[in-house]
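Chemist: One structure, pasted below without further comment.
The values are calculated or read from the model by the stated rules, or taken from the named source; none is laboratory data. As the structure is a prediction and not an experimental result, all values here were calculated from the model. Here the Cβ positions follow ideal geometry from the backbone for every residue, glycine too, while neighbour counts run over all protein chains shown. Calculation scope for accessible area: heavy atoms of the full protein, side chains included, ligands and nucleic acids excluded. Shrake-Rupley method; radii C 1.70, N 1.55, O 1.52, S 1.80 Å.
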Amino acid sequence: MLTITEYSVELVKDPFGILSGTRYEFIMDVDVPEDDELFTENGVYVKVVYKSDGDRSGIVSCDLYERITHKYVDVEVDADEKEALAAFCQENLPED
């Protein structure tokens, strides 16, 4: 399981007003156990775009990157971890 150690969140601007809901970009530093397939020597962070739109809220995209090199890590986050990330995002949405 992923352990979030730090995070930042920013509003994703929609200058044309074509997207429904409000989107936020979360950058989350995570500790990954050595026996997990997501583990890298350099560490990883997760970039999540989260849509807040009433009962249609959830993760739009979820990507992993090496912490030091910022290279994309081509590994899929499993369903349980994605669920935990979505719950974290929902709980940490900025106050409007």
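Chemist: Hand me the chymotrypsin sites (Phe, Trp or Tyr not before Pro) from segment 20-91 located in a DSSP loop with no more than 15 other Cβ atoms within 10 Å, in residue order please. Present the calculation step by step, with values, prior to reporting the outcome.
Modeler: Numbers: sites: TYR24, PHE26, PHE39, TYR45, TYR50, TYR65, TYR72, PHE88; in loops: PHE39.
In loop regions of segment 20-91 (DSSP not H, G, I, E or B), the sparsely surrounded chymotrypsin sites (Phe, Trp or Tyr not before Pro) are PHE39.
Chemist: Taking the Cα atoms only, what angle lies between the long axis of helix 79-91 and the longest principal axis of the chain, rounded to 10 degrees?
Modeler: Its long axis makes an angle of about 50 degrees.
Chemist: Compute the accessible area per residue over the chain, keeping the other protein chains in place, probe 1.4 Å, unit Å². Intermediate results must be reported in sequence, preceding the final value.
Modeler: Values: 6380 Å² over 96 residues.
On a per-residue basis, the chain sits at 66 Å².
Chemist: Using a 1.4 angstrom probe on heavy atoms only, work out the carbon and sulfur share of the accessible area of segment 1-80 in %. Show your work: numbers first, answer last.
Modeler: On the way: 2410 of 5290 Å².
With neighbouring chains kept in place, the figure for segment 1-80 is 46 percent.
Chemist: What percent does the relative contact order of the chain come to when contacts are Cα pairs within less than 8 Å and at least six residues apart?
Modeler: Details: 161 pairs, mean separation 21.3, N = 96.
Once normalised by length, the contact order is 22 percent.
Chemist: Taking the Cβ of LEU19 as the center, what net charge do the other residues with Cβ under 14 Å away carry, scoring Lys and Arg +1 and Asp and Glu -1?
Modeler: +1
Chemist: Give the range of the longest stretch in the chain that excludes all GluC sites (Glu not before Pro) found in loop regions by DSSP and having at most 10 other beta-carbon atoms within 10 Å. If you can, show how the numbers build up before the last one.
Modeler: On the way: sites that count: GLU34, GLU37, GLU41, GLU95.
With GluC sites (Glu not before Pro) excluded where exposed in loops, the chain gives 42-94 as its longest stretch.
Chemist: Next question. Give the residues of segment 65-96 whose amide nitrogen is closer than 18 Å to a point set 7 Å from the Cα of GLU6 in the direction of its Cβ.
Modeler: Under 18 Å, as judged by backbone N against the label point of GLU6, lie 65-71 of segment 65-96.
Chemist: How big is the dipole moment of the chain about its Cα centre under a simple scheme where the beta carbon of each Lys and Arg is +1, that of each Asp and Glu is -1, and everything else is neutral? Debye, nearest 20, please.
Modeler: With Lys and Arg at +1 and Asp and Glu at -1, about 580 debye.
Chemist: Let me ask another. 222 nm [θ] for the chain, helices only, -39500 (n - 2.57) per DSSP H run of 4+, per residue, to 500? Show your work: numbers first, answer last.
Modeler: On the way: 1 runs with 13 residues, N = 96.
After summing the helix terms and dividing by residue count, I get -4500 deg cm²/dmol.
Chemist: As a test of the definition: which semi-axes, in Å, follow for segment 1-50 when you take the square root of five times each eigenvalue of its alpha carbon gyration tensor? Largest first, please.
Modeler: Working: eigenvalues 174, 18, 13 Å².
Equivalent ellipsoid of segment 1-50: 30, 10, 8 Å, largest first.
Chemist: Based on the alpha carbon coordinates of the chain, what radius of gyration and maximum Cα-Cα distance (Dmax) apply, in Å?
Modeler: Here Rg and the maximum Cα pair distance are 13.8, 45 Å.
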